[in-house]
1. Within the range A:454-471, identify whether any single residue is farther than 14 Å from A:Ile6 by Cα and free of Cβ contacts under 8 Å to residues at least 40 places away in the same chain, and answer yes or no.
2. Does B:Ile136 fit the bill of being aliphatic (A, V, I, L, M) and modelled with pLDDT of 95 or more?
3. Looking only at the range B:4-52, which residues are charged (D, E, K, R) and surrounded by 18 or more Cβ atoms within 10 Å (Cβ to Cβ)?
4. Within the range B:373-385, how many residues are surrounded by fewer than 24 Cβ atoms within 10 Å (Cβ to Cβ) and facing chain A (nearest Cβ under 7 Å)?
5. Of all residues in the range A:507-518, which are more than 14 Å from every other protein chain (Cβ to nearest Cβ) and surrounded by fewer than 17 Cβ atoms within 10 Å (Cβ to Cβ)?
6. (1) in a loop (DSSP other than H, G, I, E, B); (2) of a type in the set (Lys, Arg); (3) within 27 Å of B:Glu502 (Cβ to Cβ): which one isn't true of B:Arg114, the others all being true?
7. Looking only at residues in the range A:405-414 that are in a helix (DSSP H, G or I) and at the interface with chain B (Cβ under 10 Å from one of its Cβ atoms), which one is farthest from A:Leu381 (Cα to Cα)?
8. May I ask you to list the residues in the range B:479-506 that are within 24 Å of the chain's Cα centre (by Cα), crowded, with 24+ Cβ neighbours inside 10 Å and not in a helix (DSSP H, G or I)?
2 protein chains.
Amino acid sequence: MARYAIGVDFGTESGRAVLVDVSDGREVASHVHAYANGVIDDKLPETGQKLEPDWALQDPNDYLETFKRTIPAVLRESGIAPADVIGIGIDFTACTMLPVKKDGTPLCFLPEFRKDPHAWVKLWKHHAAQPEADRINAVARKRGEKWLDLYGGKISSEWFFSKVLQILDEAPHIYRAADRLIEGADWVIWQLTGRETRNNCTAGYKAIWQKKEGFPPRDYFKALHPELADVVDTKLSREIVPLGAKAGELTAQAAAWTGLKAGTAVAVANVDAHVTIPPAQACQPGIMVMIMGTSICHMVLGAKLVRVPGMCGVVEDGIVPGYYGYEAGQSGVGDIFAWFVENAVPPEYHEAARKAGVNLHKYLEQEAAKQKPGEAGLLALDWWNGNRSTLVDVDVGGLLVGATLATKAPEIYRALIEATAFGTREIIEAFQTNGVPVKRIVAAGGLPERNPLLMQIYADVTNREFAMVRSAQACALGSAMHGAVAAGTLAGGHRDIFAAAEKMGGLKETVYKPIPENVKLYNLLYADYQRLYEYFGRGANDVMKRLKAFKRAWVTGSKIVLPADRGAAKKARKAGRKVRRRK
Amino acid sequence: MARYAIGVDFGTESGRAVLVDVSDGREVASHVHAYANGVIDDKLPETGQKLEPDWALQDPNDYLETFKRTIPAVLRESGIAPADVIGIGIDFTACTMLPVKKDGTPLCFLPEFRKDPHAWVKLWKHHAAQPEADRINAVARKRGEKWLDLYGGKISSEWFFSKVLQILDEAPHIYRAADRLIEGADWVIWQLTGRETRNNCTAGYKAIWQKKEGFPPRDYFKALHPELADVVDTKLSREIVPLGAKAGELTAQAAAWTGLKAGTAVAVANVDAHVTIPPAQACQPGIMVMIMGTSICHMVLGAKLVRVPGMCGVVEDGIVPGYYGYEAGQSGVGDIFAWFVENAVPPEYHEAARKAGVNLHKYLEQEAAKQKPGEAGLLALDWWNGNRSTLVDVDVGGLLVGATLATKAPEIYRALIEATAFGTREIIEAFQTNGVPVKRIVAAGGLPERNPLLMQIYADVTNREFAMVRSAQACALGSAMHGAVAAGTLAGGHRDIFAAAEKMGGLKETVYKPIPENVKLYNLLYADYQRLYEYFGRGANDVMKRLKAFKRAWVTGSKIVLPADRGAAKKARKAGRKVRRRK
């Protein structure tokens, strides 16, 4: 008798439910719900309260609506009986967090807090907590906190405690009114099951939790802010539940929302990127999964704990049980191509694409595919959105070198693709060099489906085969797999995530294989990419930081204080020359 | 009684005559003639003979037609009696040269040579003689030829002997059939006067002639090619006539072509850039004249002979008598802006410009004018067309640093303008540092009229006042001034070019003055421009050359041979590190 599971993927702009067959992962039905309030980055709904720059909020009601709309829809579409749906899992953007009352009510649902921006959900891309992140890092370095190295030496402004500290700094009354501070991922599970759980994936990657050491010590939090000393014990929880575990069962209320049966197994929450490892059948060391979209998230399992410079984080059991889950990322990929297409392509290509009946990305890709590696004489550093990988530096910028009066848009488009591929190679080599082998690669996300040239270039640049996840909805499928594991074998589900991956995951037949002559040429170009990477990224010439400082000074109206070259004075001394210093 | 002179300016696509009042330089009439055959860079007229890449030819008949069309037209338009026109002068692009018979007949006019590309005029931008230029430089360096330093250490592929040697290499029968090898400038004067003269401006700047030393020695030419040994004595002339001298008088035939009177004084030929010094009233040391268009030509007079790295040339009496005339140049300026506008501006700006009823350059300029120095956080190296100034290197390429996902087209447009301004500052500082003072600047050419933002940025970047030549036709006016000098005072003309400049030249009232706060900011940005200039231009990282080598290899189908870093091995040794060498 066929059994089914439902996965719900909570994205940035919408939520999607997929109903899949537990025996083979076949997607029977799917439904998308666009959030009514989407990304709130200008003003609050209803009150119209203005937000400052770099803010990005969400409305928790949009998450509830996602359950109410999408699950009934997939049941209807598929005609599957609710009783045959044995489990449900979810994945979420992270860190996306909110302050709630003891019973789970978001503060922003309460009239007295509704007009306060800090009462709302802080979305992953809320970037206004940079001063707090700076403090978190400075205090950690000063105290010699060991965990810092597990996060590439730098905690991001996007992460949990940066956001918590911003609430405490800017809205202490909200901090005090919040009985719990919780990831959106865990909050929606709470809504389904009626009880609060905390998954080890968001805790590990976003809230500085490690299986053996737990959270940072009380003294550290106290050093950050006296009132933060007991944040873990008063507003979080030390009980962290591993992925694949059952969080609970669907309440009668949640059953009414969704049309599923009360008592249906609900899995512990997951993160959208990490949940794609099982669908990619990459539940063992050596296989890197790359979620390729506006940015790239690189994940790979390792058998031992090592430190890799610039990785986003390593968490024991953080992706699948029994392994260290390593995560790294490139902050700009599809975003850079989108910038280029919107800001730097002349009308003739827009018209040509229209005539050819394809979108501009596709047209440029086709034109770029006619070129050979290096033929255009261009090279770029893919830092349009900073460098989140081995440099962990938001203050570097994009670079294009080699343009001539004959340079054409498709040539620059290809150079940008190549640059992001070089960026990925940099990350792979950092893993390899530091003892985390990368043998095969599986791509997921939107880009691999849309851009075969990009996939071929990545294969050529990294000299590795690129497979592709079979499912176009890998996140939701991964969530459904976790739902099937939470249901267990007795209910017709799976023993563990490894078994689920074997049955329900899979790859496309298409595999991009490196073309030997391109590999050779790209090795030469990569050597130059590395030289520029080193020069602009590691202090020999901090021109990018100075340019950012300039820009910032104009935006904020403050005095221009330029960072001096970190390496210049030293080098000049070595070379026996004088270096002019500007005061 | 009013007296008039006519100046004829032979440009790349057309010729222009201007009839001016000798007493005050007032332009009474002007007329343009577009060359029928324009720039011949694809195939020969009539025979359809295909040309190789980098070729650029012209048809001498277009020059004759210019006289026949434009001079009658300005006489007609002005109503001035031919008897009141006391002199005529011309200026020409250079080096633009052709092979002719003893009587001045171009070889390409003769049926037996007409289908041979080498029989035609080689236009200044004919770039196919690079191998010959390389040989000219290598042999000169090997022999320790002293004159090499007077030309910035490098003879260009555009110059006279590069072109001559290409004829000898590739078409020895044409070389042998040519009784004379001559600049187009001197050839048109020959057609007017019936006698061959050679002006000291093209000889000095383009044909390695110096007032004291003359041409390079016979042995040098012999070392280049045995058949070239006697080229000066057999096909050129050692009699070089100074600017401002009278070349001769209008023949009856030329009088019939033009409607002028036979016997009218004709001045020795001039070069288009150099002839603008008198209209700019810059006939004394310390005033730099910049001809600003697709590229920039910088000219300044000096009282003594010094060597300035990367200058195009220094010639005694080469611009006006009694001074050393220094010339430098930026190979890409307006060309870069045109590239940008054609290749990198998205449709929204095209539409906005259309709506605003201005061209796209003007629209981008207006948008860019709203930004402050450094506000966009962008910096560029203006090497889209190589670097013809202090690096004398065609193999460097353009660079843009600091782009982000928020970067907009007008910001890049401004960064490109700023980069060309930094390039000019680099040239000015090279002159200053080496003993050629630059106190004031006068701008001429198309750009200063069209782009006030550009002029302000140049003033701010160089911290110097920028004046502008009054005449919009400065070249033709300069030629007319030389015509008035050739006519002499008895005929109602001028004693010398200094007197002519005083009476007939002049500046606009508009002067661009540096804005102190911008000067300070640009000093900071310029320091970074210089760092990048040094790093990419002087061997620390030859990535630009490697990229060009890549490109060239694909175009020619040859093996990829990459230039190694000139400075890398040395630096690595100093730093005590190993450098990997690629074979």
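1. Within the range A:454-471, none of the residues are farther than 14 Å from A:Ile6 by Cα and free of Cβ contacts under 8 Å to residues at least 40 places away in the same chain.
2. The answer is yes for B:Ile136.
3. B:Asp9, B:Arg16, B:Asp21, B:Glu27
4. Residues in the range B:373-385 being surrounded by fewer than 24 Cβ atoms within 10 Å (Cβ to Cβ) and facing chain A (nearest Cβ under 7 Å): 2 in total.
5. The answer is A:Lys508, A:Glu509, A:Thr510, A:Val511, A:Lys513, A:Ile515, A:Pro516.
6. Failed condition: (3).
7. In this case the residue turns out to be A:Ala409.
8. B:Gly505
The values are calculated or read from the model by the stated rules, or taken from the named source; none is laboratory data. Bear in mind the structure is a predicted one, so any value in this text is a computation, not a measurement. Counting neighbours? That spans all protein chains shown, and the Cβs are built from the backbone with ideal geometry, glycine included.
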